[in-house]
């Protein structure tokens with residue numbers, strides 16, 4: 001069994017707590033589904049948000065989904081001029097018995113433009 005990192009991102013239409021939770025949960029659910037894993041197989045999750053998201057922590061949304069025993073961390077992305085706004089990114093580490101090229105990275109909404117090469 002190997003540790004694999006799974007990337008993903010989504011965007012918000014507006015910075016509001018319920019909307020942040022909805023979009024974060026949609027992203028996490030898609031990562032779990034597309035990689036056929038459960039929270040029990042997840043080792044840790046790092047969330048980042050662009051500086052224009054301050055309504056809540058994405059980790060709070062993940063905890064509501066059964067990630068209470070999984071180490072979660074939130075951070076702020078760099079404020080790069082011209083970068084896509086209102087973005088939540090995730091890097092999920094999981095124990096998976098498959099090669100890196102079979103990992104499904106998930107980019108939703110406007111975040112698809114960030115990594116067209118990885119988006120499913």
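The values are calculated or read from the model by the stated rules, or taken from the named source; none is laboratory data. What you see is a predicted model, and the numbers here were worked out from it, not measured in a lab. Here the Cβ is made from the backbone with ideal geometry for all residues, glycine too, and neighbour counts use every protein chain on show.
Observations on the model:
- Selected residue [exposed (fewer than 14 other Cβ atoms within 10 Å of the Cβ) and on the phi < 0 side of the Ramachandran plot] from 40, 9, 30: 40
Table: residues versus (1) under 14 Å from residue 105 (Cα atoms); (2) assigned to a strand (DSSP E or B); (3) touching a residue at least 12 places away in the same chain (Cβ under 8 Å).
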residue	(1), (2), (3)
4	yes, yes, yes
8	yes, yes, yes
15	no, no, yes
23	no, no, yes
33	yes, no, no
43	no, yes, yes
59	no, no, yes
68	no, no, no
74	no, yes, yes
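Residue-wise test of (1) in contact with a helix residue (DSSP H, G or I) (Cβ under 6 Å, 6 or more places away or on another chain); (2) loosely packed, with under 15 Cβ neighbours inside 10 Å.
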| residue | (1), (2) |
| --- | --- |
| 56 | yes, no |
| 59 | no, no |
| 85 | no, yes |
| 96 | no, no |
| 103 | no, no |
| 114 | no, no |
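- Within region 66-83, if we keep just the residues that are surrounded by 13 or more Cβ atoms within 10 Å (Cβ to Cβ) and under 18 Å from residue 12 (Cβ atoms), the residue that is farthest from the chain's Cα centre (by Cα) turns out to be 77.
- Residues satisfying the stated conditions in region 16-27, i.e. surrounded by fewer than 21 Cβ atoms within 10 Å (Cβ to Cβ) and in contact with a strand residue (DSSP E or B) (Cβ under 9 Å, 6 or more places away or on another chain): 26
- If you go through region 69-103 and keep only what is at pLDDT below 95 and touching a strand residue (DSSP E or B) at 6+ places or on another chain (Cβ under 8 Å), you end up with 95, 96, 97, 98, 100.
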